[in-house]
Amino acid sequence: MTKKLFLIGVLALVVAFPLTFISAADYLPKDKQGVGNVVVSGPEDYSNLYVGGGSVVINKDIRGDLFVAGGSLNVAGKTEKDLFAAGGNITIASPIGEDARLAGGNIVINAPIKGDTLVAGGTILISRDADIGGDLWAAGGTLNITGDVAGDAKLAGGEIFINSKISGRLDARSEKLVFGPQSQVEGPIAYKGSEEA
């Protein structure tokens, strides 16, 4: 069941990518030789940025949307609009101004996301500093949620640990669901699993 949900999440992420490219966008790396490691920094401003490589580090603020893919991704600059990321290891260390769509092996979110968040991965960690301003949809092998969710949460995974406030409804499907001492769900809870929550 978890594999099926993960594949659905990845498919949803791919479908969410725009089919038309914005003319004001920048594409990095600009040459074929720079696809190994890419570091985005320096004085240049980016409105919308598309970047890919083996290892990608975003060290500057992006004024529009950010589309990033690679083996290892570290988003350390603020993204003012939407973030789309796919990779083996993904770390979000700076705020996202609107929605985020993430797919990867290991995903760590350490900064707030103001809009809705769709995330699919093997291991997903949403830290205490990573409040979600909208709804959260997450599917993975292990989900560890300690950041607050302002909207509804729809979760599916092998193991789900919640130790935060969810202001809306919680729908969870898992083999194991654990509520920590700081957990608070204000809306109704719907749970399907092999073990009692």
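The values are calculated or read from the model by the stated rules, or taken from the named source; none is laboratory data. All figures in this text were calculated on a predicted structure; none of them were measured in a lab. Cβ placement follows ideal geometry from the backbone for every residue including glycine, while neighbour counts extend to all protein chains displayed. All accessible areas refer to the heavy atoms of the entire protein, side chains included, with ligands and DNA or RNA removed. Shrake-Rupley method; radii C 1.70, N 1.55, O 1.52, S 1.80 Å.
Annotations
- Taken over region 109-158, the residue count meeting the criterion of being touching a Ser or Thr at 6+ places or on another chain (Cβ under 6 Å), within 24 Å of residue 67 (Cα to Cα), open to solvent by 10 Å² or more (accessible area, probe 1.4 Å) and in a strand (DSSP E or B) is 1.
- Residues of region 41-62 that are at pLDDT below 90 and more than 15 Å from residue 84 (Cα to Cα): 41, 42, 43, 44, 45, 46.
- Selection of region 88-108 for residues being open to solvent by 20 Å² or more (accessible area, probe 1.4 Å) and out of contact with any Phe, Trp or Tyr (no Cβ under 6 Å at 6 or more places or on another chain) yields 88, 89, 91, 93, 95, 97, 98, 99, 105, 106, 108.
- Scanning region 61-81 for residues that are open to solvent by less than 30 Å² (accessible area, probe 1.4 Å) and part of a loop (DSSP other than H, G, I, E, B) yields a count of 3.
- Pair list, Cβ under 7 Å, 6 or more apart: region 38-52 residue of a type in the set (D, E, K, R), other residue surrounded by fewer than 20 Cβ atoms within 10 Å (Cβ to Cβ): 45/63
- Region 168-197: number of residues that are surrounded by 16 or more Cβ atoms within 10 Å (Cβ to Cβ) and not in a strand (DSSP E or B): 3
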